[in-house]
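Notes follow the structure.
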Amino acid sequence: MLELNEEKGELKTFFVDVILPLAISKTYTYRVPQSLNEQVAVGKRVVVQFGKSRIYTAIIYHISENPPKLYDAKYVIDVLDESPVVNQHQLKLWEWISAYYMCHLGEVMQAALPSALKLASETRVVLLKDAVYDKKDFNDKEFLIIDALEIQPELKVSDIVKLLGQKSVFRLLKSLFDKGVIHISEEVIERYKPKQVAYITLHSFYTDADNRKALFDVLERSPKQLDILLAYLKLSRSSPYVAKKEILEESGSGNGPLKALIDKEIFVVENRVVSRLKEGDYEHLKEFTLSEEQEQTLGNIKALFEEKDVVLLHGITSSGKTQVYIRLIEECIESGRQVLYLLPEIALTTQIIERLREYFGSKIGIYHSRLGDNERAEVWTKVLNNEYNVVLGARSAVFLPFTGLGLIVVDEEHESSYKQYDPAPRYHARDTAIYAGRLHEAKVLLGSATPSLESYFNSKTGKYGFAELRQRYGESNLPAIKVVSIAEETSKKTIQSHFTSVLIDGIKEALEKKEQVILFQNRRGYTPLLICKTCGYIPQCIHCDVSLTYHKSTGKLHCHYCGYKQDTVPVCPACGSTHIEQKGFGTEKIEDDLQFIFPEARIARMDLDTTRSKNSFQRILNDFEERRIDVLVGTQIVAKGLDFDHVTLIGIINADSLLNYPDFRAFERSFQLLSQVGGRAGRRGKPGTVIIQAYSTNHRVIQQVIEHDYEDLFRVEIAERKSFRYPPLYRMIRIDVKHKDSHALSAVANRLGQELKKALGERVLGPEDPLVGRIRNFFIKTLYIKVERDGIAISKVKEFLRGLLLNFEADKHNKGTLIQVDVDPY
Ligand code: ADP
Ligand code: ZN
Ligand code: ZN
């Protein structure tokens with residue numbers, strides 16, 4: 001058939017290059033069966049086999065009539081989409097990320113596509129628990145699948161492929177899924193079961209005023225039912241359909257009286273499909289006017305956008321940066337273009353979401369990693385169909401399929417969590433957003449109270465425009481900052497546990513006034529170090545070169561790098577001594593000791609350990625917001641974009657631990673953190689206080705924080721970075737070489753270092769031992785390449801490095817070596 005057609009010249013044979021969601025350096029070419037000729041298009045998903053038997057969802061990258069030269073192309077098994085799920089702008093962005101951050105396109109695809117849009121051999125299929133079906137309705141193949149599932153609770157896609165002896169099983173699975181018989185874990189098929197919610201309306205009879213009045217008279221005698229009716233009338237102002245749940249909440253009544261109203265046909269229930277994404281009805285959008293300064297800054301930004309694509313807005317905490325964004329967003333929407341609003345993951349709380357919904361209603365989409373797979377895929381599809389004007393999201397939202405971005409806001413642009421560290425792509429969402437802005441010809445606004453040196457530097461050199469907000473909005477004043485010497489209080493013996501008398505008095509006063517307190521400590525766990533007083537032995541992780549942290553909640557020693565846990569050591573395994581001392585202190589101990597001093601206070605802790613489960617983060621925040629917690633003890637997490645009305649005191653338990661962190665950005669980070677934490681105090685009128693406990697009370701960074709002197713920080717830091725050749729004055733690439741054998745590692749790393757130095761000379765540093773020399777049984781050596789900004793082009797360096805690493809990995813002497821490249825490490 002095939003040849004016949006080709007002879008006649010009726011049908012062409014196409015080949016598609018596809019991106020597979022794998023860390024491989026190339027795209028692969030597949031042959032398109034002629035039956036699918038009509039369906040292939042760039043950006044659609046196809047099902048292909050890769051390797052011996054694995055099946056993947058891949059993205060069509062390129063279509064041609066040229067067969068691959070080096071291998072026989074396998075056939076595309078199926079085309080999954082009716083229209084592309086990835087557009088040209090995205091493919092260009094993926095290419096840029098892959099080139100700039102030196103990773104594979106497949107890795108970018110992996111990070112970019114929500115997992116519900118990916119499908120692989122390992123995807124599992126199960127029979128729905130309460131599925132009702134008649135086997136007569138199935139065709140032979142469907143019948144086989146169901147038969148197998150009745151015996152076996154779960155099948156992998158690859159099992160079904162074997163069972164049927166055919167590769168194209170996704171359509172069959174989709175059909176069974178649509179019939180409501182099976183469930184596909186990780187929900188890979190592109191249709192979701194829409195979520196149904198019970199909605200209540202008033203029977204049309206009562207839209208008549210007289211009838212309604214009569215109804216009120218009747219219900220006089222059933223006050224609970226009357227409450228429900230009133231709740232309905234209140235909630236139905238924006239839409240006659242009100243969710244049953246909302247009515248019950250609003251009226252505070254139980255199900256009984258509501259059921260009575262339904263039985264009497266006063267209310268009508270209807271199950272309606274709703275989006276999984278919670279969207280209230282926000283028809284009465286909020287109004288506000290900008291302050292004089294805000295108005296002026298807005299004008300400046302707009303004028304700057306005439307000439308620059310990127311503007312940095314340096315606005316102190318509570319100056320109203322968000323209000324300025326809102327104005328720019330409104331204008332962008334009016335011009336018919338989309339807005340991407342990026343925030344650090346952790347700051348994406350209901351607080352900011354609700355606040356923006358007050359202005360943009362349901363036109364706003366939300367995208368972050370705490371959403372389920374299905375929800376992420378739903379947002380993806382809605383963005384693709386241009387159903388949102390604004391998307392508010394964390395780092396990965398930069399990958400969404402925007403069709404016409406007009407504005408990108410990167411709030412808290414200095415946040416290090418914008419950089420993905422592991423796995424590749426090790427991209428920085430701010431910088432990626434700037435490139436995406438260029439593709440869309442969109443404007444990019446970076447906002448921060450404590451800008452990154454990179455962005456501030458770029459604004460000083462004229463690469464970015466620069467705008468400022470110097471006043472807090474309204475009555476709110478910047479908090480007073482007190483620095484307390486830990487050394488002095490220790491010698492005077494006025495310190496209790498880790499709390500100076502100044503801090504204790506402050507907490508006491510706040511508690512008496514029923515105000516709230518946040519305490520910051522950057523280590524979690526109870527005590528970071530156990531040490532034998534007799535011989536100096538310190539318990540270490542068996543997989544990593546780090547000491548173990550004691551966690552009281554589990555009673556065990558934990559490794560913060562690999563998650564390894566073991567029992568504590570009451571007796572020193574080295575010398576048998578029982579003099580084991582606990583050194584240092586983490587959030588757990590702060591919480592414990594504080595409770596001892598203030599037995600009545602309601603104290604909670606927010607760190608990685610207490611926020612691991614899906615909703616716990618939001619729950620702690622709600623409890624704090626609704627004042628069921630008096631004192632919140634936390635790590636970095638508490639510093640980020642949270643806005644509480646009743647917090648008047650912020651305590652930094654130990655500023656030295658921040659300042660002494662061995663990283664060239666430690667001072668910059670300390671300044672940012674201390675200023676941001678301080679910004680949480682005394683919002684909305686109430687004066688706030690920040691108490692910084694430190695040994696080095698005269699440290700210049702602490703002085704800069706007290707004086708809110710970012711300029712000075714910038715000036716001193718830039719000079720330092722210049723003399724030690726660090727970013728932003730130099731570009732930096734970090735190369736981690738890993739091996740399970742430490743001798744082999746040294747040899748390989750030295751060889752790599754020599755090769756690099758041959759070509760790049762002084763620009764190469766190392767190999768050196770990183771802070772932690774072994775993680776998860778891999779020994780690590782690190783090399784840095786520092787490249788000046790005005791000499792050799794960074795793209796040339798990367799090209800050279802790419803070639804070198806490719807050869808290096810192919811060389812059998814380097815077997816067992818893992819090499820990780822991090823461009824612009826952060
Ligand atoms: P920032 O983002 O700079 O920290 P916000 O935008 O959160 O500051 O503003 C701080 C507080 O002041 C918020 O509660 C905000 O609603 C309020 N605010 C700022 N500007 C205005 C304005 N023009 N009108 C009304 N409220 C404002
Ligand atoms: Zn010992
Ligand atoms: Zn470990």
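Going residue by residue through segment 727-738, is there one that turns out to be over 30 Å from the mean Cα position of the chain (by Cα) and touching a residue at least 12 places away in the same chain (Cβ under 8 Å)? No, there is no match, as no residue in segment 727-738 is over 30 Å from the mean Cα position of the chain (by Cα) and touching a residue at least 12 places away in the same chain (Cβ under 8 Å).
Can you spot a residue in segment 423-437 that is modelled with pLDDT under 95 and among the hydrophobic types (A, V, I, L, M, F, W, C)? Even if it seems obvious, please write down each step before you answer.
In the first step, residues of segment 423-437 are kept if they are modelled with pLDDT under 95; the result is 423-424.
Next, from what is left, pick out any that are among the hydrophobic types (A, V, I, L, M, F, W, C): 424.
Yes, segment 423-437 contains at least one residue that is modelled with pLDDT under 95 and among the hydrophobic types (A, V, I, L, M, F, W, C).
Under 18 Å from the mean Cα position of the chain (by Cα) and within 30 Å of residue 24 (Cβ to Cβ) - does that describe any residue in segment 445-457? Looking through segment 445-457, none of the residues is under 18 Å from the mean Cα position of the chain (by Cα) and within 30 Å of residue 24 (Cβ to Cβ). Of the listed requirements (1) within 16 Å of ligand 2 (Cβ to nearest atom); (2) at pLDDT below 90, residue 641 misses just one: (1). Against the conditions (1) over 21 Å from residue 21 (Cα atoms); (2) in contact (Cβ under 8 Å) with a residue 12 or more places away in the chain; (3) assigned to a helix (DSSP H, G or I), residue 116 satisfies every one except (1). Total residues in segment 474-510 satisfying the condition of being surrounded by fewer than 20 Cβ atoms within 10 Å (Cβ to Cβ) and either over 30 Å from residue 582 (Cα atoms) or within 16 Å of ligand 2 (Cβ to nearest atom) (or both): the figure is 7. Of the helices (runs of 4 or more DSSP H) lying entirely inside segment 699-796, the ones with 2 or more residues being farther than 26 Å from residue 103 by Cα and modelled with pLDDT of 95 or more are found at 700-706, 710-723.
Tell me, yes or no, whether segment 535-545 has at least one residue that is farther than 13 Å from residue 582 by Cβ, away from ligand 2 (no atom under 16 Å from the Cβ) and under 27 Å from the mean Cα position of the chain (by Cα). Don't jump to the end; show me each part of the working.
Within segment 535-545, the first condition is being farther than 13 Å from residue 582 by Cβ, and the residues that meet it are 535-537, 540-545.
Among the residues that remain, those that are also away from ligand 2 (no atom under 16 Å from the Cβ) are: 541-545.
Now narrow it down to the ones that are under 27 Å from the mean Cα position of the chain (by Cα): 544.
Scanning segment 535-545 turns up at least one residue that is farther than 13 Å from residue 582 by Cβ, away from ligand 2 (no atom under 16 Å from the Cβ) and under 27 Å from the mean Cα position of the chain (by Cα).
Could you grab me the full set of residues in segment 512-547 that are within 16 Å of ligand 3 (Cβ to nearest atom) and in a strand (DSSP E or B)? If the condition is that a residue be within 16 Å of ligand 3 (Cβ to nearest atom) and in a strand (DSSP E or B), then 529, 530, 540, 547 are the ones that fit.
Annotation note: of 583, 589, the sole residue that is touching a residue at least 60 places away in the same chain (Cβ under 8 Å) and basic (Lys, Arg) is 589.
Whether any residue in segment 540-551 is aliphatic (A, V, I, L, M), under 30 Å from residue 323 (Cβ atoms) and away from ligand 1 (no atom under 16 Å from the Cβ) is what I want to check.
Within segment 540-551, the subset aliphatic (A, V, I, L, M) is 542, 546, 548.
Going one step further and asking which of them are under 30 Å from residue 323 (Cβ atoms), we end up with none.
No, segment 540-551 contains no residue that is aliphatic (A, V, I, L, M), under 30 Å from residue 323 (Cβ atoms) and away from ligand 1 (no atom under 16 Å from the Cβ).
Confirm whether residue 643 is within 16 Å of ligand 1 (Cβ to nearest atom), assigned by the TED database to the domain that holds residue 519, part of a loop (DSSP other than H, G, I, E, B) and within 20 Å of the chain's Cα centre (by Cα). Yes, satisfied. Considering 55, 59, which residue is surrounded by 14 or more Cβ atoms within 10 Å (Cβ to Cβ), in a strand (DSSP E or B), in contact (Cβ under 8 Å) with a residue 24 or more places away in the chain and in contact with a Gly (Cβ under 7 Å, 6 or more places away or on another chain)? Just one listed residue meets the conditions, 59.
When you go through 136, 141, 129 one by one, which is the residue that is at pLDDT below 75 and outside the structural domain of residue 368 (by the TED database)? Can you show your working first?
Values: 136 fails: at pLDDT below 75; 141 fails: at pLDDT below 75.
Being at pLDDT below 75 and outside the structural domain of residue 368 (by the TED database) holds for just one of 136, 141, 129, which is 129.
Here is a yes/no grid of residues against (1) touching a strand residue (DSSP E or B) at 6+ places or on another chain (Cβ under 7 Å); (2) under 25 Å from residue 686 (Cα atoms):
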| position | (1), (2) |
| --- | --- |
| 606 | yes, yes |
| 621 | no, yes |
| 636 | no, yes |
| 647 | yes, yes |
| 658 | no, no |
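If you check 184, 200 for being crowded, with 19+ Cβ neighbours inside 10 Å and either among the aromatic types (Phe, Trp, Tyr) or modelled with pLDDT of 85 or more (or both), only one passes: 200. Given the criteria in contact (Cβ under 8 Å) with a residue 12 or more places away in the chain and either outside any helix (DSSP H, G or I) or under 30 Å from residue 665 (Cβ atoms) (or both), does residue 388 qualify? Here the answer is yes, as residue 388 does meet what is asked.
Please verify whether residue 549 is more than 16 Å from ligand 2 (Cβ to nearest atom), in contact with a Pro (Cβ under 9 Å, 6 or more places away or on another chain) and within 20 Å of residue 585 (Cβ to Cβ), treating the condition exactly as stated. Yes: the conditions hold for residue 549. For first residues located in segment 432-458 and farther than 21 Å from residue 676 by Cβ and within 16 Å of ligand 3 (Cβ to nearest atom), partners that are at pLDDT below 95 and among the hydrophobic types (A, V, I, L, M, F, W, C) and lie 6+ apart or on another chain with Cβ distances below 8 Å do not occur. Here residue 557 meets each of (1) within 16 Å of ligand 1 (Cβ to nearest atom); (2) not in a loop (DSSP other than H, G, I, E, B); (3) not basic (Lys, Arg) with one exception, condition (1).
The values are calculated or read from the model by the stated rules, or taken from the named source; none is laboratory data. Just so it is clear, the structure is predicted and the values come from calculations on it, not from any experiment. FYI the Cβ positions are ideal-geometry reconstructions off the backbone, even for glycines, and counts take in every protein chain you see.
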